[in-house]
1. Tell me the carbon and sulfur percent of the accessible area for the chain, rounded to whole percent, probe radius 1.4 Å.
2. For the chain, what is the accessible area per residue in Å² when the probe is 1.4 Å?
3. Rolling a 1.4 angstrom probe over the protein chains, ignoring ligands and nucleic acids, what is the accessible area of T48 in square angstrom, nearest 10?
4. With the radius of gyration and the Kirkwood radius both derived from the Cα set of the chain, what is their ratio Rg to Rh?
5. Please name whichever of A37, G77, W25 sits farthest to the positive end of the charge dipole of the chain, dipole taken about the Cα centre and charges placed at Cβ: Lys and Arg +1, Asp and Glu -1.
Amino acid sequence: MEYFFYCRDKPGTVDLRTQHLEAHWSFMDGYAEGMIARGPTLAGDGVTPTGSLHIVDLPDAEAARVFAFEEPNYKAGVYAE
């Protein structure tokens, strides 16, 4: 089943996001086979990240919960929602 994740960053967390970039990419690489789309959302300047978007084919709702709540940016407190 395909799951859509849209995570908005908390204001002022660009540096925190940068600190966890390598862990974020390593985590995402573990889902490469099921990854349909992924990437940052950006502010009007086209550079500053404001969140992340992911569409992932996962086996069930429990796998979706693991994807959402074990993601390094989520665990570090980058996301507001």
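1. 56
2. 62
3. 50
4. Computed over Cα atoms, the ratio is 0.95.
5. G77
The values are calculated or read from the model by the stated rules, or taken from the named source; none is laboratory data. All values reported here derive from a predicted model rather than from experimental measurement. Here Cβ is always computed from backbone atoms with ideal geometry, including for glycine, and neighbour counts include all displayed protein chains. Areas reflect the complete protein model, heavy atoms only, side chains present, ligands, DNA and RNA absent. Shrake-Rupley method; radii C 1.70, N 1.55, O 1.52, S 1.80 Å.
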